[in-house]
Structure formats: C-alpha cells, structure tokens
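Here's the structure, in structure tokens; my notes come after.
The values are calculated or read from the model by the stated rules, or taken from the named source; none is laboratory data. In this text, all values refer to a predicted model and were calculated from it rather than measured experimentally. Cβ sites come from the backbone with ideal geometry, for glycine too, and all protein chains shown count toward neighbours. For accessibility, only protein heavy atoms count, side chains too; no ligands or nucleic acids. Shrake-Rupley method; radii C 1.70, N 1.55, O 1.52, S 1.80 Å.
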Amino acid sequence: MRQKIVAGNWKMNTVYKDGLELATAVNSLATKKTSDAVVIIAPPFTHLAEIKKVLSVVKLSAQNCASEESGAYTGEVSVSMLKSVGAEYVIIGHSERRAYYHEDNAILAKKVNLTLSAGLKPIFCIGEVLPERNANKHFDIVKSQLAEGVFHLSPVEFENIVVAYEPVWAIGTGVTASPEQAQEMHKFIRSEISSKYGEKIAANTSILYGGSCKGSNAKELFANPDVDGGLIGGAALKAEEFLQIVNAF
Ligand code: PGA
C-alpha cells in the first residue's frame, strides 16, 4: 500500500526561533491528526538539528543536498551531514533549484544517488512551466524529467522515491492545478513508472501534488485516485492550515 504524505517545504523562511516554534506547533497538532498521512517538514538547513529534537510524529526533510559526497565544496551540505542530524528525506529538483541554481537532470540524478546511498528518501520534484503546458508539451517534459532524473535506478532503489508533481505555474502563484489537471498528470506519471518498473511498484509509489495547495483546496485535490498527498509551500508556514491539509484526506 502506498503512503499518503503531506510535506511542508518552508523554503528560505523563518529565523531559527520562529522555525523552532513552528515545528513544535506542527508536531503538537500532528499528534492529534485525523488522517493516516505521513507528515514531513523541510525547514532550512540551519534549523534541522534542533528541530529534530522537538519532533515525535513529524518526519524531517532537507530542501536540498550537495551533488558531491564531501570535501572542498564551500557552502554545500552533504547527505551524510543531513543523515547525521536525523533527516529522513531530501527534496530534490524543486523548480526553484532548477530555475535559479541551474540544476539539470544530470546533477539531480547524482543527488538522487547520493541521497539513496545515505539511506535517505528523495522527494523528487518534476513539473512543467506555463509555456510548455500551453504548447501541450507538459507530458513530454515530465516524462524526460523522470527518465533522466530517476529512471536509472534499480527497482529496489526506486521503491524509496517519492515523486512530487509541481506545475511551475502553480507554485506560489495562488493558481492551483484543477483536480482534473492534477489527476490527469498523476495518472500519466504512474503509468510511466509502471512501464519502467511494473504495476506493483507504480501502485506503491506516492505521487504528491504541489503548487498553491492550501487548506481550502486540499480536499478536492486529494480526492483523486492518483494524488497521494501534497508538497506544500506557503501554507506550510502556518501550523493550523498545514494540519488542515494533513487532515484533508
Ligand atoms: P506553494 O509552493 O505551496 O507556495 O505554491 C509549493 C512548493 O514550491 O513546493
């Protein structure tokens, strides 16, 4: 059975004290959650070690990792460092990393490999920009992001991947994909996984939706058979609303 997952991507928000408060509040509300969704938060690197100490039911993710294992890479944070402070997941290939830091599928595939070798789970993000959707190329884009980013993995490795479909035009814009658009793409993603790894692995893969998902629209998005949860940006910065999304199943 695949897991339902709601993951909060805090991005570059919160100073340490506020982050610790938010994590504490999320964890406390999550102890009373009414859904069986796995709850994950991805705070900034600087907060991870201390936040880990206040979490019981909530799991910890990083927002990124280095594409090298260790050594002379000033400013980078390795997967073994993340593992050592208790992170269990790493968001890889977020559209902001792809767009602003020029991370291509080859770099992302390296990060996926390192993440898995450290015993962490990648939350691998894919999604098209608006001109690509308008040109009806969104399926091709997503297909190549999967092919080049994660389809080199063995079936056993792939079982640790969480996929997040985030149409770039919906991220932080307030424009959400319609439930039909989300379902259509999630179904396509699952069929691609099925062609590569077989039906069983595809059926067990969690595919999250991201892009202006909030308390008010999570229910209709999560009601789709192939939408297994959400990767939440803005709405993850308010504990109450984030838990409303968790409880939307
Ligand atoms: P948003 O961000 O919920 O603020 O649109 C989602 C994301 O970037 O993961």
Which residues, taken from the range 80-139, are within 13 Å of the ligand (Cβ to nearest atom), closer than 22 Å to Ile5 by Cβ and free of Cβ contacts under 8 Å to residues at least 60 places away in the same chain? Ile92, Gly93, Arg97, Arg98, Phe124
Check Lys200 against each of (1) under 22 Å from Leu116 (Cα atoms); (2) modelled with pLDDT under 95 and name the one condition it does not meet. (2)
Which count do you get for residues in the range 191-214 that are open to solvent by 10 Å² or more (accessible area, probe 1.4 Å) and away from the ligand (no atom under 16 Å from the Cβ)? 12
If you take the residues in the range 135-157 that are among the small types (Gly, Ala, Ser) and part of a loop (DSSP other than H, G, I, E, B), which one is farthest from Lys187 (Cα to Cα)? Ser154
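State whether the residues of the range 164-172 include one that is among the small types (Gly, Ala, Ser), surrounded by fewer than 16 Cβ atoms within 10 Å (Cβ to Cβ) and modelled with pLDDT under 95.
Yes - at least one qualifying residue is present in the range 164-172.
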Consider Leu231 carefully, then state whether it is at pLDDT 95 or above, open to solvent by less than 10 Å² (accessible area, probe 1.4 Å) and touching an Asp or Glu at 6+ places or on another chain (Cβ under 7 Å). yes
For Lys33, the lone unmet condition from (1) under 19 Å from Gly172 (Cβ atoms); (2) over 18 Å from the mean Cα position of the chain (by Cα); (3) of a type in the set (Lys, Arg) is (1)
